[in-house]
1. Per DSSP helix of 4 or more residues, -39500 (n - 2.57); summed, then divided by the residues of the chain. What does that give at 222 nm, rounded to the nearest 500?
2. What number comes out for accessible area per residue over region 152-214 if the probe is 1.4 Å? Units Å², please.
3. Give me the log10 of I(q) over I(0) for the chain at q = 0.10, 0.14 Å⁻¹, as the Debye formula computes it from C-alpha points; what are the numbers?
4. Give me the one-decimal Kirkwood hydrodynamic radius in Å for region 1-160, with the sum taken over alpha-carbon pairs.
5. One-quarter of the Cα convex hull surface for region 154-216, in nm²?
6. State the percentage of accessible surface on the chain attributable to carbon and sulfur atoms; use a 1.4 Å probe and exclude ligands, DNA and RNA.
7. If you keep only loop residues by DSSP, which GluC sites (Glu not before Pro) in region 256-301 have at most 16 other Cβ atoms within 10 Å of their Cβ?
8. Using a ≥ b ≥ c from the Cα gyration tensor of region 3-98 (square roots of the eigenvalues), is it rounded, prolate or oblate, where a/c under 1.5 gives rounded and otherwise the larger of a/b and b/c decides, a/b for prolate?
Amino acid sequence: MSEASSPAAQVAAVLKVAQDALGAAPDVDTLRRVANEHTGKGSVLVGLKSSLGSITDVEARKAAGRAINEATQAIDALVAQRLSELERDAASRAAAGEAMDLTEHLGRRTRGHSHIVTQAWERLEDVFVGMGFKVAEGPEVETDFHNFTALNMPPNHPARSGFDTLFVKHGAAGSTLLRTHTSPVQIRVMQEWPLPIYAVMPGRVFRRDTPDATHMPVFHQIEGLVIDKGITFAHLAGTIEAFTKAFFGSDFTSRLRPSFFPFTEPSAEFDVRSASGKWVELGGCGMVHPNVLRSGGIDPEVYTGFAFGFGIDRMAKERHAVADLRDMYANDLRFVRQF
Ligand code: DAH
């Protein structure tokens, strides 16, 4: 047998080819294919292994077997090493692809600034996220079901008429509308999110209203929803108070007054006040009505929850002592530049 074709030489040649190919494999799929070519069924190494029996010299047979095993192990080790390298590369590529470009925001700030309603919206999100809430958004064009029926206001319910709804010509008459409040997002979150739920839902809402100092047909609300086992009214009051202090400052306090909303029972309105100031009405809240939980696919015998909702524009107006809501939307630079 010539030196070049001895089993040991063949194994060494295979190992060399395999090492080069594995080192050059650009991705995991190629790596696996190359590895299989050199150590899998039909590979030169497996072929050599099955022909070991034809080597009559015992020592030579042992040496050839050892060489085959060592080469197989070396290839396996190289595959494992390259695999982790490729995975690390892929992970850092993915991280680079997902990185957020925060310079855009900074860039925007150098030329003007966010609208005062946007500022209030972002601060509200920050405070609630800091309290452990997640942020959700829903569609502005809603179904009657989500905006009313699922919120315990079936067709012909008197509370519907209090909303001055703007309808959209789509589907059956009255079936599609511009949402009149952010409460329908509660239903969407209940239907789509796993329990427990700790969510805030800011958004734009619409009502058929003539603009005046305290009303706009387009305005903004933020909705809150907590659904968990054993949630009580005390959790609601505690959350409102914690929010009040975090958002307005530690010298502010909140109070709840009994009220009525179809989607909560019991219901309350909440007001906030600084140590020296007057009470300012902020929004509505209450324990989520069992019918609303059922609309959201949640068993009211197992879970309870609370909800709240209030106007963002109103908060910006109070905070900056703006006399007329319409000024906030006229885009007069003399107004805008003050904030
Ligand atoms: N959706 C109500 C409105 O627009 C506000 C509201 C009241 C929201 C009570 C709530 C709530 O979640 O529990 O007038």
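The values are calculated or read from the model by the stated rules, or taken from the named source; none is laboratory data. Just so we're clear, the structure is a prediction, and the values are computed from it rather than from any experiment. Glycine also receives a Cβ, built like all others from the backbone with ideal geometry; neighbour counts cover every protein chain displayed. Areas reflect the complete protein model, heavy atoms only, side chains present, ligands, DNA and RNA absent. Shrake-Rupley method; radii C 1.70, N 1.55, O 1.52, S 1.80 Å.
1. Working: 12 runs with 148 residues, N = 339.
Computed ellipticity for the chain at 222 nm equals -13500 deg cm²/dmol.
2. Numbers: 3140 Å² over 63 residues.
Here the residues of region 152-214 average 50 Å² of exposed surface.
3. The computed values of log10 I(q)/I(0) come out as -0.70, -1.12.
4. Details: mean 1/r = 0.0440 Å⁻¹.
Result for region 1-160 stands at 22.7 Å.
5. Values: hull surface 24.3 nm².
The Cα convex hull of region 154-216, projected and averaged over all directions, gives 6.1 nm².
6. Numbers: 10230 of 18450 Å².
After summing per-atom areas, the C and S share lands at 55 percent.
7. Those that pass, being in a loop and sparsely packed, are Glu301.
8. Working: a/c = 3.39, a/b = 3.29, b/c = 1.03.
Verdict is prolate for region 3-98.
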